[in-house]
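A.B. asks: After the C-alpha coordinates below, expect a handful of questions from me.
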Amino acid sequence: MSHMDSANTSGLPADAVERCTKVKTSSHFARCAQYFSQRDGVLQEARKDGIFAGFSAGLVGAILGSKVFRLNRNTTIVCGVLTGALSGWQFTQGFRTSKLASLRAELALRKQSELGVTTTSPQKNEKSS
(Lines give C-alpha, C1' and ligand atoms only; values in the text may rest on other atoms or scores of the structure.)
Protein backbone atom coordinates (compact mmCIF):
# COMPACT_ATOMS: atom_id res chain seq x y z
CA MET A 1 0.00 0.00 0.00
CA SER A 2 1.54 3.34 -1.04
CA HIS A 3 1.48 6.66 0.76
CA MET A 4 -1.24 8.01 -1.54
CA ASP A 5 -3.42 4.95 -0.97
CA SER A 6 -3.30 5.41 2.80
CA ALA A 7 -4.30 9.08 2.40
CA ASN A 8 -7.28 8.12 0.23
CA THR A 9 -8.47 5.46 2.66
CA SER A 10 -8.43 7.86 5.60
CA GLY A 11 -11.00 10.12 3.94
CA LEU A 12 -8.57 12.88 2.98
CA PRO A 13 -8.34 14.25 -0.54
CA ALA A 14 -5.46 12.99 -2.64
CA ASP A 15 -3.72 16.38 -2.64
CA ALA A 16 -4.17 17.11 1.09
CA VAL A 17 -0.49 16.74 1.94
CA GLU A 18 0.52 18.94 -0.99
CA ARG A 19 -1.95 21.67 -0.03
CA CYS A 20 -0.77 21.71 3.59
CA THR A 21 2.84 21.93 2.46
CA LYS A 22 2.06 24.82 0.12
CA VAL A 23 0.24 26.78 2.83
CA LYS A 24 3.08 26.29 5.28
CA THR A 25 5.71 27.28 2.71
CA SER A 26 3.85 30.34 1.47
CA SER A 27 3.26 31.59 5.02
CA HIS A 28 6.97 31.09 5.73
CA PHE A 29 7.91 33.14 2.68
CA ALA A 30 5.39 35.80 3.66
CA ARG A 31 6.95 36.04 7.12
CA CYS A 32 10.43 36.27 5.59
CA ALA A 33 9.32 38.99 3.19
CA GLN A 34 7.69 40.86 6.05
CA TYR A 35 10.85 40.56 8.15
CA PHE A 36 13.08 41.89 5.38
CA SER A 37 10.76 44.79 4.58
CA GLN A 38 10.61 45.78 8.26
CA ARG A 39 14.35 45.17 8.59
CA ASP A 40 15.09 47.79 5.94
CA GLY A 41 13.04 50.35 7.84
CA VAL A 42 14.75 49.45 11.10
CA LEU A 43 18.21 49.77 9.55
CA GLN A 44 17.34 53.15 8.04
CA GLU A 45 16.05 54.37 11.40
CA ALA A 46 19.22 53.12 13.14
CA ARG A 47 21.38 54.98 10.58
CA LYS A 48 19.38 58.16 11.13
CA ASP A 49 19.72 57.89 14.92
CA GLY A 50 23.44 57.13 14.60
CA ILE A 51 24.03 60.16 12.38
CA PHE A 52 22.24 62.40 14.87
CA ALA A 53 24.27 60.94 17.75
CA GLY A 54 27.48 61.38 15.72
CA PHE A 55 26.75 65.02 14.99
CA SER A 56 25.97 65.63 18.65
CA ALA A 57 29.14 63.90 19.84
CA GLY A 58 31.23 65.71 17.21
CA LEU A 59 29.89 69.06 18.39
CA VAL A 60 30.61 68.20 22.02
CA GLY A 61 34.09 66.93 21.07
CA ALA A 62 34.87 70.13 19.19
CA ILE A 63 33.66 72.33 22.05
CA LEU A 64 35.66 70.34 24.61
CA GLY A 65 38.73 70.39 22.38
CA SER A 66 38.46 74.14 21.94
CA LYS A 67 37.54 75.25 25.46
CA VAL A 68 38.92 72.61 27.80
CA PHE A 69 42.02 71.43 25.96
CA ARG A 70 42.71 74.78 24.25
CA LEU A 71 43.41 73.20 20.87
CA ASN A 72 43.99 75.42 17.84
CA ARG A 73 41.34 75.78 15.14
CA ASN A 74 42.49 73.01 12.78
CA THR A 75 43.08 70.49 15.56
CA THR A 76 39.64 71.30 17.02
CA ILE A 77 38.01 70.63 13.65
CA VAL A 78 39.84 67.31 13.27
CA CYS A 79 38.91 66.40 16.85
CA GLY A 80 35.22 67.14 16.19
CA VAL A 81 35.13 65.24 12.89
CA LEU A 82 36.88 62.15 14.27
CA THR A 83 34.79 62.14 17.43
CA GLY A 84 31.60 62.49 15.41
CA ALA A 85 32.49 59.82 12.88
CA LEU A 86 33.62 57.22 15.40
CA SER A 87 30.82 57.77 17.89
CA GLY A 88 28.24 57.91 15.10
CA TRP A 89 29.45 54.56 13.78
CA GLN A 90 29.36 53.00 17.26
CA PHE A 91 25.91 54.39 18.02
CA THR A 92 24.63 53.13 14.66
CA GLN A 93 25.91 49.63 15.44
CA GLY A 94 24.30 49.70 18.87
CA PHE A 95 20.97 51.01 17.59
CA ARG A 96 20.98 48.49 14.75
CA THR A 97 21.63 45.56 17.09
CA SER A 98 18.97 46.56 19.60
CA LYS A 99 16.32 47.38 17.00
CA LEU A 100 16.90 44.14 15.09
CA ALA A 101 16.67 42.17 18.33
CA SER A 102 13.36 43.80 19.21
CA LEU A 103 12.10 43.16 15.65
CA ARG A 104 13.04 39.49 15.91
CA ALA A 105 11.33 39.22 19.29
CA GLU A 106 8.20 40.88 17.92
CA LEU A 107 8.09 38.54 14.92
CA ALA A 108 8.68 35.51 17.16
CA LEU A 109 5.74 36.54 19.35
CA ARG A 110 3.60 37.05 16.27
CA LYS A 111 4.59 33.60 14.98
CA GLN A 112 3.75 32.03 18.34
CA SER A 113 0.36 33.72 18.38
CA GLU A 114 -0.33 32.44 14.83
CA LEU A 115 0.54 28.93 15.95
CA GLY A 116 -1.55 29.25 19.09
CA VAL A 117 1.36 28.76 21.47
CA THR A 118 0.97 30.53 24.77
CA THR A 119 4.01 31.59 26.72
CA THR A 120 4.05 32.10 30.44
CA SER A 121 6.19 34.93 31.64
CA PRO A 122 7.79 34.57 35.04
CA GLN A 123 5.85 36.59 37.56
CA LYS A 124 7.71 38.84 39.91
CA ASN A 125 7.23 38.27 43.59
CA GLU A 126 6.23 41.53 45.13
CA LYS A 127 6.50 41.92 48.85
CA SER A 128 3.73 43.90 50.42
CA SER A 129 4.74 46.21 53.22
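The values are calculated or read from the model by the stated rules, or taken from the named source; none is laboratory data. Being a predicted model, the structure only gives us computed values, none of them experimental. We place every Cβ from the backbone using ideal geometry, glycine too, and count neighbours over all the protein chains shown.
A.B. asks: Go through segment 25-74 and give me each residue that's part of a helix (DSSP H, G or I) and of a type in the set (D, E, K, R).
C.D. replies: ARG31, ARG39, ASP40, GLU45, ARG47, LYS48, ASP49, LYS67, ARG73
The rows are residues; the columns are (1) at pLDDT 65 or above; (2) loosely packed, with under 12 Cβ neighbours inside 10 Å.
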position	(1), (2)
MET1	no, yes
GLY11	yes, yes
ALA16	no, no
PHE29	yes, yes
CYS32	yes, yes
ASP40	yes, yes
PHE55	yes, no
VAL60	yes, no
ILE63	yes, no
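A.B. asks: Then there is this: Would you please name the residue that is nearest to GLU45 (Cα to Cα), looking only at residues in segment 79-105 that are among the aliphatic types (A, V, I, L, M) and surrounded by 15 or more Cβ atoms within 10 Å (Cβ to Cβ)?
C.D. replies: Among those residues, the one meeting the criterion is LEU100.
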